[in-house]
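Bear in mind that the values in this text are calculations on the coordinates, not laboratory data. Everything quoted here is computed from the prediction, not taken from an experiment. For neighbour counting, all protein chains shown are included, and Cβ atoms are generated from backbone atoms with ideal geometry for every residue, glycine included.
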Amino acid sequence: MLTPMDVLAINDLFVSAQGKEILKGLNLKLHKGEIHVLMGPNGSGKSSLAATLMGHPTYQVTSGCIRYKGRYITRLSPDERAKLGIFLAFQNPLEIPGVTLSNFLRTAYNATHKDRVSIPEFKKRLHTIALKLKLEDSFLNRYLNDGFSGGEKKKAEALQLLVLEPKLVILDETDSGLDVDALKKVAKAISDYVSEECTILVITHYQRILKYLEPDYVHIMSDGQIVRSGGKEIISLIDEQGYEGVYG
Ligand SMILES: Nc1ncnc2c1ncn2[C@@H]1O[C@H](COP(=O)(O)OP(=O)(O)OP(=O)(O)O)[C@@H](O)[C@H]1O
Ligand SMILES: [Mg+2]
């Protein structure tokens with residue numbers, strides 16, 4: 001039987017930041033079109049893994065490797081990774097006063113896509129996507145994340161995702177801080193975007209987003225390693241037994 005090509009293959013990955021070893025031999029494989037969920041207690045290394053995948057310079061790979069669509073990306077810059085179609089929605093997005101959301105998105109789009117869209121055409125696209133997320137057009141003219149509420153920051157990230165159309169999406173606690181209605185809109189917009197071509201890694205502490213983004217696989221992380229992988233039945237086990245009850 002043909003196996004789908006690995007979109008992401010992480011092999012025996014060790015990562016340190018500021019002299020502290022955070023990831024300690026992590027292995028993970030994601031295939032095309034799959035939705036994976038990564039859960040685990042605070043401080044287990046989930047956000048560090050996300051930052052490492054994006055190439056954040058603070059996180060140094062001391063051993064092991066990361067392959068994206070068969071290509072070693074361990075030494076590529078964040079910019080090069082974004083061009084390859086990797087997208088990370090941060091747990092705590094940066095504020096950039098002076099750069100409007102709309103301008104930021106157009107620059108990011110042009111930096112990651114070969115085709116150039118005209119400004120009116122881009123604005124039209126942006127308007128359609130903003131409408132889906134129930135964001136007012138005036139929101140697009142505000143400075144990126146500057147004074148955004150927690151929920152607005154998450155919506156702005158969902159907007160980025162839908163505009164940039166990445167192939168590998170890493171969502172780091174996109175659900176936290178969203179009220180129930182906003183969560184529904186954001187999750188629905190993301191799940192509409194998910195296709196055979198797009199692979200998603202969702203990092204979350206909560207079940208609620210998983211009502212809308214149905215996972216194929218669930219992984220539990222503890223102390224820098226994946227300690228258990230399985231289907232979505234693991235999530236209800238966590239609810240019943242806590243993380244310690246489900247460590248493999
Ligand atoms: N830049 C850094 N410098 C030093 N230590 C760091 C750095 N980034 C993360 N760590 C440490 O690595 C460990 C893992 O942190 P990380 O943020 O990856 O956890 P997490 O699983 O995302 O937790 P949470 O569920 O609370 O978001 C923590 O002990 C944290 O203090
Ligand atoms: Mg985190």
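Odds and ends about this structure:
- Charge dipole magnitude, Cβ of K and R +1, D and E -1 - the chain, Cα centre, debye nearest 20: 720 debye
- Taking GluC sites (Glu not before Pro) across segment 174-248, the ones in a DSSP loop with at most 14 further Cβ atoms lying within 10 angstrom of their Cβ are Glu196, Glu197.
- Shape of segment 191-248, Cα gyration tensor, a/c cut at 1.5: prolate
- Theoretical FRET efficiency, 1/(1+(r/R0)^6), r = Cβ-Cβ of Arg125 and Lys211, R0 30 Å, to 0.05: 0.60
- Value at 222 nm in deg cm²/dmol, rounded to 500, when DSSP H runs of n ≥ 4 in the chain each add -39,500 (n - 2.57): -10500 deg cm²/dmol
- Taken as Cα centroids, segment 225-246 and segment 96-131 sit 40 Å apart, rounded to the nearest whole angstrom.
- Phi to ³J(HN,Hα) by Karplus 6.51 cos²θ - 1.76 cosθ + 1.60 over segment 180-186, Hz, x for Gly, Pro: 4, 5, 5, 4, 4, 5, 5
- Above-threshold pairs, the threshold being 26 Å between Cα atoms, out of Lys83/Lys134; Lys83/Lys124; Lys20/Lys46; Lys29/Lys83; Lys124/Lys153; Lys69/Lys132: Lys83/Lys134; Lys69/Lys132
- In the chain, the longest principal axis of the Cα atoms and the axis of helix 119-132 are about 60 degrees apart.
- A protection proxy built from the mean count of other Cβ atoms within 10 Å ranks the segments 108-119, 27-38, 59-70, most packed first, as 27-38, 59-70, 108-119.
- Of all DSSP-defined beta bridges confined to the chain, some 60% are antiparallel rather than parallel.
- Kirkwood estimate for the chain, i.e. one over the average of 1/r between Cα atoms, Å: 18.7 Å
- Crossing angle, helix 233-246 versus the chain [Cα axis fit, 0-90 degrees, rounded to tens]: 60 degrees
- Estimated inter-spin distance, Glu244 and Thr62, nm [label 7 Å along Cα→Cβ]: 2.7 nm
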